[in-house]
Amino acid sequence: MPLGLSHLQASRIMWYISTRGMAPRVDFEGALFSGYASDGGLFMPEELPQLDRETLCQWSTLSYPGLVKELCALFIGSELIPKGDLNDLIDRAFSRFRHREVVHLSRLRNGLNVLELWHGVTYAFKDLSLSCTAQFLQYFLEKKEKHVTVVVGTSGDTGSAAIESVQGAKNVDIIVLLPKGHCTKIQELQMTTVLKENVHVFVVEGNSDELDEPIKAVFADTVFVKKHNLMSLNSINWSRILVQMAHHFFAYFQCAPSLDTHPLPLVEVVVPTGAAGNLAAGYIAQKIGLPIRLVVAVNRNDIIHRTVRQGDFSLSEAVKSTLASAMDIQVPYNMERVFWLLSGSDSQVTRALMEQFERTQSLNLPKELHSKLSEAMTSESVSDEAITQTMGRCWDENQYLLCPHSAVAVNYHYQQLDRQQLSSTPRCCLAPASAAKFPEAVLAAGLTPETPVEIVALEHKETRYTPMRRGDTWTLMLRDTIEDLSRRWKRRVLNASQ
């Protein structure tokens with residue numbers, strides 16, 4: 001462990017408070033199992049450690065898993081998970097990744113650096129944070145001999161990564177609701193072909209906003225949530241943000257020219273985003289001392305772009321369907337963490353802003369907050385046409401296939417090149433998913449999809465799921481399933497004790 005401030009931090013417990021300031025503070029375990037705070041806010045560290053130059057220089061030689069270990073030690077504390085246990089959990093989390101580095105940087109022509117975050121089982125970046133989160137969950141559950149039911153609504157990648165991370169775990173059941181016809185065929189098969197008995201998939205006749213309704217209804221019943229130990233694993237969960245900070249550190253150390261200069265050199269990180277989890281992680285990394293400049297890249301669902309450019313955090317008429325479907329999101333809920341940091345951790349300001357947004361679905365950021373936001377990051381919104389053009393150009397120049405979400409980031413790089421805005425600052429584009437998951441978009445770009453054998457094999461596997469049809473009472477179906485899983489767990493505990 002690098003000494004200095006970070007050593008002191010890692011040995012003691014880190015406390016977490018709600019961005020809205022009305023919930024009791026919790027340790028990492030409390031934040032992990034809660035998702036949202038009881039006042040509707042999101043958990044954030046009570047105080048952010050500051051990494052000095054010496055620590056950054058020592059971290060610069062670490063592997064990606066090494067960085068995850070250091071960051072987790074810093075934000076969890078060895079009183080809660082001793083360092084040896086923590087290292088074992090993270091090694092186990094990354095043991096099924098296909099690339100020996102876990103995360104890999106591809107250096108392409110004309111200064112294009114693409115950080116591949118998709119070498120996990122489901123070929124998407126969510127494997128990185130969810131595999132760690134699932135290990136942390138099981139660690140605490142086994143110690144207390146407890147059981148949780150995880151409920152996840154997905155537009156594609158979250159569901160499959162969450163299922164993979166906990167399938168077969170004896171203390172966890174997972175229920176996933178996926179929108180029929182709104183995921184790619186591959187994404188759907190990744191969820192419906194997992195036949196482990198702790199995995200329960202519902203295929204819903206509706207879009208992802210509609211399937212969120214029964215989930216919200218169930219979670220609104222706090223007595224029910226407590227009774228059945230319910231939790232979610234979407235990107236509001238602090239554990240996911242924590243692991244995602246490592247992307248930014250790894251990108252920085254891979255792309256920075258030399259750390260011998262004073263001040264340390266800047267690296268620009270281009271973050272394609274939907275719910276703003278990777279963006280919040282990058283902004284926290286920046287706040288604790290990583291010298292990065294953030295560019296947030298979105299598709300035609302441009303609420304974050306409008307917020308950065310004009311301070312306009314307001315919903316559009318409707319979600320627009322795009323080729324970068326995982327980013328087709330109206331409410332980027334992690335922006336609440338960004339607003340809280342911008343306001344100097346002022347929970348009163350944050351609460352007032354978010355309550356106004358929830359009430360009216362529209363919000364103009366106060367001038368001071370907006371100017372801080374536009375100092376912290378720039379933004380770009382990208383059309384489907386620009387996505388396919390970028391995929392085509394990257395293939396022509398590098399014989400390298402981008403997924404549509406990665407293309408949203410790389411499009412920014414090409415724009416800067418074409419405007420001949422060549423700066424000496426190195427740039428790294430985050431690539432959240434493999435092109436193999438999006439053959440339809442690859443075809444739309446006039447290219448030939450490359451399908452790995454594991455994905456081809458999905459077509460021939462047995463599937464298992466329960467349909468949720470229009471006219472069914474979705475909330476009731478969900479509650480019945482949860483109650484049934486609780487009964488099963490109690491029976492198992494009873495049998496084991498006899």
TODO: Given the conditions (1) among the hydroxyl-bearing types (Ser, Thr, Tyr); (2) at pLDDT below 95; (3) under 28 Å from the mean Cα position of the chain (by Cα), report the number of the one that residue 465 does not fulfil.
DONE: (2)
Task: Of all residues in segment 89-101 being closer than 25 Å to residue 325 by Cβ and open to solvent by less than 50 Å² (accessible area, probe 1.4 Å), the one that is nearest to the chain's Cα centre (by Cα) - done: 97
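Any chance segment 222-245 includes a residue that's over 19 Å from residue 36 (Cα atoms), surrounded by 22 or more Cβ atoms within 10 Å (Cβ to Cβ) and out of contact with any Cys (no Cβ under 9 Å at 6 or more places or on another chain)?
Looking only at segment 222-245, we keep the residues that are over 19 Å from residue 36 (Cα atoms), and these are 245.
So of that shortlist, the ones also surrounded by 22 or more Cβ atoms within 10 Å (Cβ to Cβ) come out as 245.
Pick out the ones that are also out of contact with any Cys (no Cβ under 9 Å at 6 or more places or on another chain) and you get 245.
Checked against the condition, which is being over 19 Å from residue 36 (Cα atoms), surrounded by 22 or more Cβ atoms within 10 Å (Cβ to Cβ) and out of contact with any Cys (no Cβ under 9 Å at 6 or more places or on another chain), segment 222-245 yields at least one hit.
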- [ ] Identify the single condition in (1) surrounded by 24 or more Cβ atoms within 10 Å (Cβ to Cβ); (2) modelled with pLDDT of 95 or more; (3) under 28 Å from residue 64 (Cβ atoms) that residue 173 does not satisfy, given that it satisfies every other one.
- [x] (3)
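From the list 443, 430, 401, 373, which one is over 24 Å from the mean Cα position of the chain (by Cα) and either assigned to a helix (DSSP H, G or I) or in contact (Cβ under 8 Å) with a residue 40 or more places away in the chain (or both)? Working first, answer last.
Details: 430 fails: over 24 Å from the mean Cα position of the chain (by Cα); 401 fails: over 24 Å from the mean Cα position of the chain (by Cα); 373 fails: over 24 Å from the mean Cα position of the chain (by Cα).
When all the criteria are applied, what remains is 443.
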Task: Leading residue by the ranking (farthest from residue 361 (Cα to Cα)) among those in segment 302-328 that are modelled with pLDDT of 95 or more and open to solvent by 10 Å² or more (accessible area, probe 1.4 Å) - done: 309
- [ ] Within segment 255-285, count every residue that is of a type outside the set (A, V, I, L, M) and crowded, with 19+ Cβ neighbours inside 10 Å.
- [x] 9
- [ ] Please indicate, with yes or no, whether at least one residue in segment 338-357 is modelled with pLDDT under 95, assigned to a helix (DSSP H, G or I) and open to solvent by less than 40 Å² (accessible area, probe 1.4 Å).
- [x] no
TODO: Could you look through segment 404-427, keep only residues that are over 21 Å from the mean Cα position of the chain (by Cα) and aliphatic (A, V, I, L, M), and pick out the one that is surrounded by the fewest Cβ atoms within 10 Å (Cβ to Cβ)?
DONE: 422
TODO: State whether the residues of segment 199-221 include one that is open to solvent by less than 50 Å² (accessible area, probe 1.4 Å), free of Cβ contacts under 8 Å to residues at least 40 places away in the same chain, more than 30 Å from residue 283 (Cβ to Cβ) and among the aliphatic types (A, V, I, L, M).
DONE: yes
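Please find, within segment 451-498, the residue that is nearest to residue 438 (Cα to Cα) out of those that are among the β-branched types (Val, Ile, Thr), open to solvent by less than 100 Å² (accessible area, probe 1.4 Å) and in a helix (DSSP H, G or I).
If we filter segment 451-498 for residues that are among the β-branched types (Val, Ile, Thr), which is where we start, we get 451, 453, 455-456, 463, 466, 473, 475, 481-482, 493.
Subsequent filtering for residues that are open to solvent by less than 100 Å² (accessible area, probe 1.4 Å) retains 451, 455-456, 463, 466, 473, 475, 481-482, 493.
Keeping just the survivors that are in a helix (DSSP H, G or I) gives 455-456, 475, 481-482, 493.
Numbers: 455: 11, 456: 13, 475: 31, 481: 32, 482: 33, 493: 43 Å.
That would be 455.
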TODO: Go through segment 18-45 and count every residue that is open to solvent by 40 Å² or more (accessible area, probe 1.4 Å) and either part of a loop (DSSP other than H, G, I, E, B) or over 14 Å from residue 236 (Cα atoms) (or both).
DONE: 5
TODO: List every residue pair whose Cβ atoms lie under 8 Å apart, where the two residues are 6 or more positions apart in sequence or sit on different chains, the first residue falls within segment 18-36 and is without any contact (Cβ under 8 Å) to a residue 24 or more places away in the chain, and the second residue, located anywhere, is among the small types (Gly, Ala, Ser) and assigned to a helix (DSSP H, G or I).
DONE: 26/34
TODO: Could you check how many residues of segment 105-142 are more than 23 Å from residue 451 (Cα to Cα), in contact with a Ser or Thr (Cβ under 9 Å, 6 or more places away or on another chain) and part of a helix (DSSP H, G or I)?
DONE: 9
TODO: Can you give me the number of residues within segment 143-195 that are in a helix (DSSP H, G or I), closer than 21 Å to residue 321 by Cβ and of a type outside the set (S, T, N, Q)?
DONE: 7
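So which residues in segment 55-88 are of a type in the set (A, V, I, L, M) and either under 18 Å from residue 255 (Cα atoms) or open to solvent by less than 10 Å² (accessible area, probe 1.4 Å) (or both), if there are any at all?
56, 62, 67, 68, 71, 73, 74, 76, 81, 86
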Open item on the list: One residue is enough: does segment 176-186 have a residue meeting the conditions under 20 Å from the mean Cα position of the chain (by Cα), modelled with pLDDT of 95 or more and farther than 20 Å from residue 330 by Cβ?
Closed with: yes
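List the helices (runs of 4 or more DSSP H) that sit entirely inside segment 215-326 and contain at least 2 residues that are small (Gly, Ala, Ser).
Values: elements: 222-227, 238-255, 277-287, 303-310.
Ranges flagged: 238-255, 277-287.
The values are calculated or read from the model by the stated rules, or taken from the named source; none is laboratory data. All figures in this text were calculated on a predicted structure; none of them were measured in a lab. Because the Cβ atoms are built from the backbone with ideal geometry, glycine has one as well, and the counts that use them run over all protein chains shown. Only protein heavy atoms, including side chains, enter the accessible area calculation; ligands, DNA and RNA are left aside. Shrake-Rupley method; radii C 1.70, N 1.55, O 1.52, S 1.80 Å.
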